[in-house]
Amino acid sequence: MLSKEVLDDYIELKRLHKETEAIQQECKRIAEKAKIKEWEADNALMSEVLQVYLQYETALSYASILLDTKIYQDLNPAITQEWDSIRDRYYQ
């Protein structure tokens, strides 16, 4: 029984990982598009950003995975730094 639960969790994590990678690629596509257009003035671009954000939140919700606080605190600085570098690369 325990091994089935572990396997189910693993499959769910792999699915979430695949979805978040697709979402990250979509964010990069939008960021490239934003370089060409005026960011604040483009409502269509903002709607794409909102759609990707909702996809991300939906993926997290369906995954129903609780992240241990200690793991979150360990991973958060590195992940935040990675996202900051991506943001800086596309928005500066």
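Observations on the model:
- Projected-area mean, the chain, by convex hull of Cα positions, square nanometres: 7.0
- Calculated [θ] (222 nm, deg cm²/dmol) that DSSP helices of n ≥ 4 give over the chain, each run adding -39,500 (n - 2.57): -30500 deg cm²/dmol
- Note on region 47-86: the C-alpha convex hull projects to 3.5 nm² when averaged across all orientations.
- Between residue 68 and residue 29, residue separation times 0.36 nm minus the direct Cα-Cα distance comes to 10.9 nm.
- Span-like helix check, the chain: no full DSSP H segment qualifies, none having both a Cα axial length of 15 Å or more and a mean Kyte-Doolittle of 1.0 or more.
- Protection proxy ranking of 12-24, 71-83 - average other beta-carbon atoms within 10 Å, highest first: 12-24, 71-83
Laboratory data are not the source of any read-out in this text; all were calculated from the coordinates shown. Quick caveat: nothing in here was measured; it's all calculated off a predicted structure. Cβ coordinates were reconstructed from backbone atoms using ideal geometry, including for glycine residues, and neighbour counts include every protein chain displayed.
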